[in-house]
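Enquirer: I'd like to ask you about the structure that follows.
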Amino acid sequence: MNILCTICMRGGSRGVKNKNLIKIYNKPLFYYSIKTAKNSNIFSDIVVSTDSNKIIKNCSLFGIKHFVKRPNFFAKDKSPKIPVIRHALLEMEKKLNKKYEIIIDLDVTSPLRIVDDIKKALIKFKKKKSDILFTVCKARKNPYFNLVEKRKEKVKLVKFLPKIISSRQMAPKVYDMNASIYVWKRRALIKYNTLFTKNTSIFLMPVDRSFDIDTVLDLEIIKFLMNKNKKKYNY
């Protein structure tokens, strides 16, 4: 079975400047996703999709052989990611003259995942015969209990039930999408521009491996967690 790993990186970013190349313990951020992908030994090929020649040069130093240079309209702040991954898949199939049955995307901004997370997510994906699977963690806030929004100048819970929810434990279980691992069957990636289909599954990861970098504070939290587990993250 041919399984493709996609690792997608834009040259620019707003929250943390040039975050894909930022150094964490003397290694660029992308190193951790590449290392984990390689160590999993489940991928036929690993491809980096980027608009940046600097990223291509740096990733080459860490053994990446396949790159897809994405068009400018796939490299903007508001460009959706699924078409980017689909583009990488089709370009790789054209380049290597092969078909991939499964595509797994590893988000560079979530460096705390480990090999076991990828392998177990894939096992569940196959067991459930899913079209799509993505990773989650237990939500820190619950829309039925302590997430609010303003509607017509009135403050209300995001989600409302007829019965009164007096504690978080009484509320329905909800999960945070942790932006770590995404898995598709080929036909699902080609067909859908959403993760939410009739045959989508989730894989639960622990909260301490579910931080992704959107802000400088996120970066500091990840550095702290990596420092507690130096052997696990190999820096």
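The values are calculated or read from the model by the stated rules, or taken from the named source; none is laboratory data. Note that the coordinates shown come from a computational prediction; the quantities given were computed from them, not determined experimentally. Glycine gets a Cβ as well: all are built from the backbone with ideal geometry, and neighbour counts include every protein chain shown.
Enquirer: What residue, of Pro71, Pro80, is of a type outside the set (A, V, I, L, M, F, W, C), modelled with pLDDT under 95, closer than 17 Å to Leu189 by Cβ and surrounded by fewer than 15 Cβ atoms within 10 Å (Cβ to Cβ)?
Expert: Sole residue among the options that is of a type outside the set (A, V, I, L, M, F, W, C), modelled with pLDDT under 95, closer than 17 Å to Leu189 by Cβ and surrounded by fewer than 15 Cβ atoms within 10 Å (Cβ to Cβ): Pro80.
Enquirer: Return the residue satisfying two criteria in turn: it lies in region 116-134 and is among the aliphatic types (A, V, I, L, M) and surrounded by 16 or more Cβ atoms within 10 Å (Cβ to Cβ), and of such residues it is farthest from Lys35 (Cα to Cα).
Expert: Per the stated criteria, the residue is Ile132.
Enquirer: Continuing with the same structure: Starting from residues that are surrounded by 13 or more Cβ atoms within 10 Å (Cβ to Cβ) and more than 25 Å from Thr109 (Cβ to Cβ), keep the ones in region 163-185 and report whichever is nearest to the chain's Cα centre (by Cα).
Expert: Restricting to residues being surrounded by 13 or more Cβ atoms within 10 Å (Cβ to Cβ) and more than 25 Å from Thr109 (Cβ to Cβ), the top hit is Ala171.
Enquirer: Hey, another quick one. Could you list, in sequence order, all residues of region 179-199 that are in contact with a helix residue (DSSP H, G or I) (Cβ under 9 Å, 6 or more places away or on another chain) and not in a helix (DSSP H, G or I)?
Expert: Ser180, Ile181, Tyr182, Val183, Trp184, Lys185, Tyr192, Asn193, Thr194, Leu195, Thr197, Asn199, listed by residue number.
Enquirer: Out of all the residues in region 196-203, is one or more in contact with a Lys or Arg (Cβ under 6 Å, 6 or more places away or on another chain) and among the aromatic types (Phe, Trp, Tyr)?
Expert: Taking every residue of region 196-203 in turn, at least one turns out to be in contact with a Lys or Arg (Cβ under 6 Å, 6 or more places away or on another chain) and among the aromatic types (Phe, Trp, Tyr).
Enquirer: Looking at the structure I just gave you, is Ser130 in contact with a Leu (Cβ under 8 Å, 6 or more places away or on another chain), assigned by TED's automatic domain parsing to the domain that holds Tyr100 and within 24 Å of Phe43 (Cβ to Cβ)?
Expert: no
Enquirer: Further, regarding this structure: Are any residues in region 205-220 buried (at least 16 other Cβ atoms within 10 Å of the Cβ) and not acidic (Asp, Glu), and if so, which ones?
Expert: Met205, Arg209, Ser210, Phe211, Ile213, Leu219
Enquirer: Would it be correct to say that Ile213 is among the β-branched types (Val, Ile, Thr), more than 30 Å from Glu93 (Cα to Cα) and within 18 Å of the chain's Cα centre (by Cα)?
Expert: Judged against the criteria, Ile213 is a match.
Enquirer: I need the full set of residues from region 28-49 which are closer than 18 Å to Met226 by Cβ and not charged (D, E, K, R), in order please.
Expert: Scanning region 28-49 gives Pro28, Leu29, Phe30, Tyr31, Tyr32, Ser33, Ile34, Thr36, Ala37, Asn39.
Enquirer: Please pick out the residue among Phe211, Phe145 that is among the hydrophobic types (A, V, I, L, M, F, W, C), in the same structural domain as Leu106 (by TED's automatic domain parsing) and in a loop (DSSP other than H, G, I, E, B).
Expert: None of the others qualify; the one that does is Phe211.
Enquirer: If we keep just the residues of region 122-142 that are part of a loop (DSSP other than H, G, I, E, B) and without any contact (Cβ under 8 Å) to a residue 60 or more places away in the chain, which is nearest to the chain's Cα centre (by Cα)?
Expert: Only one residue tops the list, namely Ala139.
Enquirer: Pick from Asn39, Asn58: which is part of a helix (DSSP H, G or I), within 27 Å of Thr200 (Cα to Cα) and not hydrophobic (A, V, I, L, M, F, W, C)?
Expert: Within the list Asn39, Asn58, the selection yields Asn39.
Enquirer: For Lys99, all conditions in the list (1) within 25 Å of Met177 (Cα to Cα); (2) part of a loop (DSSP other than H, G, I, E, B) hold save one; what is the number of the exception?
Expert: (1)
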